[in-house]
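Student: The structure that follows is given in the form of structure tokens.
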Amino acid sequence: MQRENKQAFTTILWDVDGTLLDFDYSMRCSLRKCFRTIGQPLTEEMIQRYNQINDGYWKRLERGEITKGELLRGRFRDFFAEYGLTGIDEQSFLREFQTGLGNNYAFVADALNTVKALQGHYKQYVVTNGVESAQQSKLNLSGLSEVMDGVFISETIGHAKPSSVFFDYCLERLEEKDKSRILIVGDSMTSDILGGIRAGIRTCWYNPGEQPHCYDYSADYEITVLPQLFEVLGIWHCVSKDFA
């Protein structure tokens, strides 16, 4: 927790994967199903390696070095090549994988209670770099789409976080025009926090693993569990009974 809040917030921008929903759970469910389909074994070491390759591609997308299409195709192409997997219909595999991501979800601890407690008191929006079909499916199945006041997906906008174009698009469509009253909450320093800083809005880093600070910029606030957001907002006394 950092920097005492002097200004009342009205609007919260939420990252999804890793902040409200457990992306690792969705990814593992989908990847295992895809490998059953192609009749190949999938080990924990392979899952970890895919994670590394996938993360590298997302970081390149955030830096504007590749397109979303290059990310979607390249991560599996590299992964298959590294493990000598041949004869796979990559398009079919990718379609099944994205479908699986959208059909499997699990909430991060206290995520649903947190957003529901804020509903009606704050405007809440999703801001995500995920693939539109998968994200819309997860938001609908999880019920988050019913809680949120709007959803902004990079694939629809044509630019990904932390691009200023992405955030300009979102900010232009918010009811709140005072940037000091807008807060973004996310688990990625390179996507959510850097993007929020560039956009001129307040930032809150959700850091459940208490990762070390290794960037030349920092978030306005840092939390390790989602209910700590109520302290940032100055309303813990109003909602603490819901988290007893």
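The values are calculated or read from the model by the stated rules, or taken from the named source; none is laboratory data. Because the structure is a prediction, the values reported are computed rather than measured. As a convention, Cβ positions derive from the backbone with ideal geometry for all residues, glycine included, and neighbour counts pool all protein chains shown. To get the accessible areas, we keep the full protein, side chains included, count just its heavy atoms, and leave off ligands, DNA and RNA. Shrake-Rupley method; radii C 1.70, N 1.55, O 1.52, S 1.80 Å.
Student: Of the GluC sites (Glu not before Pro) in the range 164-244, which ones lie in a loop per DSSP and count no more than 14 other C-beta atoms within 10 Å?
Tutor: Counting only loop positions with at most 14 other Cβ atoms within 10 Å, the GluC sites (Glu not before Pro) in the range 164-244 are Glu175, Glu210.
Student: If you roll a 1.4 angstrom probe over the protein chains with everything in place, what fraction of the accessible area of the chain belongs to carbon and sulfur, to the nearest %?
Tutor: Working: 5370 of 11470 Å².
About 47 percent, which is the carbon plus sulfur part of the accessible surface.
Student: DSSP loop chymotrypsin sites (Phe, Trp or Tyr not before Pro) in the range 35-136 with at most 16 other Cβ atoms within 10 Å of their Cβ, which ones?
Tutor: Listed in order of number, the matching sites are Tyr83.
Student: So what is the relative contact order of the range 39-145, in percent, for Cα pairs below 8 Å that sit 6 or more residues apart?
Tutor: Contact order relative to length: 23 percent.
Student: So for the chain, averaging the separation of alpha carbon pairs under 8 Å that are six or more residues apart and normalising by length, what relative contact order in percent results?
Tutor: Computed value for the chain: 26 percent relative contact order.
Student: Ratio of alpha-carbon Rg to the 2.2 N^0.38 Å globular estimate for the range 79-174, to two decimals, please. Write out the running numbers ahead of the final one.
Tutor: Numbers: Rg = 16.5 Å, N = 96, 2.2 N^0.38 = 12.5 Å.
Dividing the Cα Rg of the range 79-174 by 2.2 N^0.38 Å gives 1.32.
Student: How large is the Kirkwood hydrodynamic radius of the range 55-133, in angstrom, based on all distinct alpha carbon pairs?
Tutor: Answer for the range 55-133: a Kirkwood hydrodynamic radius of 15.5 Å.
Student: GluC sites (Glu not before Pro) within the range 28-118: which are DSSP loop residues with at most 15 other Cβ atoms inside 10 Å?
Tutor: Within the range 28-118, the qualifying GluC sites (Glu not before Pro) (loop, at most 15 other Cβ atoms within 10 Å) are Glu65.
Student: What is the log10 of I(q)/I(0) for the chain, computed with the Debye formula using one identical point scatterer on each Cα and no solvent, at q = 0.11, 0.13, 0.16 Å⁻¹?
Tutor: The computed values of log10 I(q)/I(0) come out as -0.59, -0.81, -1.18.
Student: So how long is each side of the range 1-117 along the principal axes, counting just the alpha-carbon atoms, biggest first, in Å?
Tutor: Largest to smallest, the principal-axis extents are 59, 31, 23 Å.
Student: Oh, and also: What would the Debye formula give as log10 I(q)/I(0) at q = 0.19 Å⁻¹ for the alpha-carbon point model of the range 179-219, no solvent?
Tutor: Values, matching the q order: -0.48.
Student: Further, regarding this structure: Take every Cα pair under 8 Å in the range 1-81 that's 6+ residues apart, average their separations, divide by the length, and report that relative contact order as a whole percent.
Tutor: Here the relative contact order equals 19 percent.
Student: OK, next. Give the longest segment of the chain that steers clear of trypsin sites (Lys or Arg not before Pro) in DSSP loops with at most 12 neighbouring Cβ atoms within 10 Å, not counting the sites themselves.
Tutor: Here the longest run is 64-172.
Student: A further question on this structure: In degrees, nearest 10, range 0 to 90: what is the angle between the Cα axis of helix 44-62 and the longest Cα principal axis of the chain?
Tutor: 60
Student: Another one. Arrange the peptides 11-19, 211-219, 145-153 so that the one whose residues have, on average, the most other Cβ atoms within 10 Å appears first.
Tutor: In descending order of packing, they fall as 11-19, 145-153, 211-219.
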